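Remarks on the structure that follows.
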Amino acid sequence: SKKAASRNRQEITDKDHTVSRLEESNSMLTKDNELLRKENEELTDKMKRAEEEYKLKKEEEINNLKAAFEKNINTERTLKTQAVNKLAEIMNRKDFKIDRKKANTQDLRKKEKENRKLQLELNQEREKFNQMVVKHQKELNDMQAQLVEECTHKNELQMQLASKESDIEQLRA
């Protein structure tokens, strides 16, 4: 009977140790769980902020481009109006009629030269615009890749969290 009592006390002590270890493990897992939840929350917030910043930056760039193009268009309109007015003024001069044939050839050469110049400027602007589009598309692709990477990391963390919660539930049971 002393043996039985001694064995009984030993079993109780062993079970108390097991319960203590399980409670300690449960406490650690609960802390880990909370840390992972907070980290997940922070990453989600960070991702939302990054998306919002990116959206605002893109809108600002688009608005700046739009404003620049509108300014160029208005400048071109003004220059064309001035050119038309100047041409009308020249056409109304009396001495113009005498030099008309000579002037027509000169005007034609000037207009062809101006046309080539404008065509070159247009091609340069198109090239700049296309380069800008390529640059912005690359930035967009990079940000999308980063977003996918962060989502993958978030999913991994959520899976770890679920696994630890499952472990906690098993330990409690």
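Here is how the numbers come out for the structure above:
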read-out: Residue selected from the stretch 1-28 under the condition of a type in the set (A, V, I, L, M, F, W, C) and at pLDDT 95 or above, by the criterion farthest from Q146 (Cα to Cα); value: I12
read-out: N74 surrounded by 10 or more Cβ atoms within 10 Å (Cβ to Cβ) and more than 30 Å from K111 (Cα to Cα); value: no
read-out: Residues of the stretch 1-26 classified as touching a residue at least 40 places away in the same chain (Cβ under 8 Å) and among the hydroxyl-bearing types (S, T, Y), total; value: 1
read-out: Subset of the stretch 123-159 (residues that are over 18 Å from R49 (Cβ atoms), surrounded by 12 or more Cβ atoms within 10 Å (Cβ to Cβ) and among the polar types (S, T, N, Q)); value: Q158
read-out: Number of positions in the stretch 27-45 that are touching a residue at least 12 places away in the same chain (Cβ under 8 Å) and either exposed (fewer than 10 other Cβ atoms within 10 Å of the Cβ) or of a type in the set (D, E, K, R) (or both); value: 3
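The values are calculated or read from the model by the stated rules, or taken from the named source; none is laboratory data. Just so we're clear, the structure is a prediction, and the values are computed from it rather than from any experiment. Neighbour counts run over all protein chains shown; Cβ positions are idealised from the backbone, glycine included.
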